[in-house]
Structures are given as structure tokens and as C-alpha cells.
1. Please identify the trypsin sites (Lys or Arg not before Pro) of segment 133-186 that satisfy two criteria: DSSP loop assignment and at most 16 other Cβ atoms within 10 Å. Which are they?
2. Let me have the relative contact order for segment 19-183, percent, based on Cα pairs under 8 Å that are six or more residues apart.
3. Rounded if a/c is under 1.5, else prolate if a/b is larger than b/c, else oblate: which is segment 19-183, with a ≥ b ≥ c the root eigenvalues of its Cα gyration tensor?
4. Which loop-located trypsin sites (Lys or Arg not before Pro) does segment 51-83 contain, where loop means any DSSP state but H, G, I, E or B and the Cβ has at most 11 other Cβ atoms within 10 Å?
Amino acid sequence: MSPNRTASNSNCPESAKDEDSKDSGQSFFNVLVLGLGNILLSDEGVGVKAVEELRNRYVCSHAVEIVDGGTMGLELLPYFEERSHILIIDAVKSGRKPGTITRIEDPPAYFSSKTSPHQIGLADVMGVAVITDIMPQNITLFGIEPKQFSTGLSLSTEVARNLSRLVDLVIAELKIIGIKVQAKEN
């Protein structure tokens with residue numbers, strides 16, 4: 001099973017090397033937005049739901065690839081290659097109030113605590129990326145404190161209430177990086 005990649009004709013194509021990216025002056029950017037989580041375990045799926053909302057609400061520059069990484073482990077390694085930036089979206093157990101959003105600028109250090117099964121896999125991916133010298137210098141984790149990991153497809157009220165805000169923070173980060181992002185018209 002592989003992560004869900006955006007199609008080449010979607011609103012956020014996979015390659016930063018497209019002609020449009022040259023025209024936009026952003027060919028030096030190759031940004032990955034990676035949503036992680038298990039959608040079958042309630043709040044654990046928030047990263048996947050966030051990238052879905054991002055795709056539904058925004059049109060991104062060709063310099064951005066949006067990936068539903070689900071609960072993948074080492075299968076994510078190829079996605080780390082030749083990236084200028086990686087933005088990870090996930091549930092983050094920090095002991096704070098459910099729904100609290102956290103921005104972590106050193107995800108490898110955070111993931112060393114291994115708080116969920118897919119994060120063990122991501123810690124391994126980051127370790128291999130460092131060893132093979134493909135780890136981007138710019139990695140940021142956007143997390144939200146979960147309330148529950150019980151079986152179910154719905155997010156808790158506290159997490160669902162802040163999902164749009166979480167997506168907006170990722171969009172703001174893309175803009176800070178210098179990526180063109182535009183809200184879709186309803």
C-alpha cells in the first residue's frame with residue numbers, strides 16, 4: 001500500500017520541476033506537506049483529514065506536493081528526497097488540552113519519543129534520511145492534541161473544532177516559505 005499522492009493534473013501537482021514552477025520563480029522550492037494518521041482511530045487520523053481539507057480549500061503552487069501518508073513507515077523515504085521543506089501534520093500527544101495546536105521545529109527530536117505506531121515508522125524514516133544524507137534542513141511538525149484514539153471515523157469535537165485552524169496555520173507557513181497559495185472559490 002502506498003501513500004495517496006496528488007495526481008499530476010491536480011491543484012497541487014507532484015513536481016516542483018514543472019514549467020509553471022519555472023514561470024512562477026519557485027523552481028528552487030520542492031515542498032512536501034505530509035499528513036499522517038490512522039483514520040480508523042478517531043483523532044489519530046487528524047493529519048490525513050487535514051491534508052484532505054487543505055486540498056479541498058486551497059490551490060497550491062506547483063512547488064508543493066501534498067501526501068496522505070496514512071500510517072506508512074519506511075515507504076515514505078522517497079518523499080523526503082530533494083525537498084527544500086517538509087511540513088508534517090499529525091496528532092501530537094503533549095499533555096495539553098485536547099484540540100491544542102502545537103508547532104514543532106525539530107520533529108526528529110519529538111519523534112524520538114515515539115508516541116504512536118506510525119510515529120515509530122516516521123522516526124525510522126527520519127533516521128535513514130539523516131544517514132543517507134537526504135534529510136531536508138527545513139522540517140516543521142504541526143500537531144494537534146488528540147482527545148481519543150478509540151475506533152471510529154469521526155474526530156472528537158475538540159479536535160474537529162480546530163481542524164480548519166490547523167490547516168490555516170500550514171497555509172500560513174507555506175506563504176512564509178514563499179509558496180503561492182490561493183483559496184478556492186466556493
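1. Values: sites: K147, R161, R165, K175, K180, K184; in loops: K147, K180, K184.
Filter output for segment 133-186: K184.
2. Details: 348 pairs, mean separation 52.3, N = 165.
Reported as a whole number, the value is 32 percent.
3. Values: a/c = 1.94, a/b = 1.27, b/c = 1.53.
Since a/c reaches 1.5 but b/c is at least a/b, the shape of segment 19-183 is classed as oblate.
4. Working: sites: R55, R57, R83; in loops: R83.
Passing both the DSSP loop test and the Cβ count: no residue.
Since every read-out is calculated from the coordinates, none of them should be taken as a lab result. These numbers come from a predicted model, not from an experiment. No Cβ is skipped: glycine too gets one built from the backbone with ideal geometry, and neighbour counts run over all protein chains shown.
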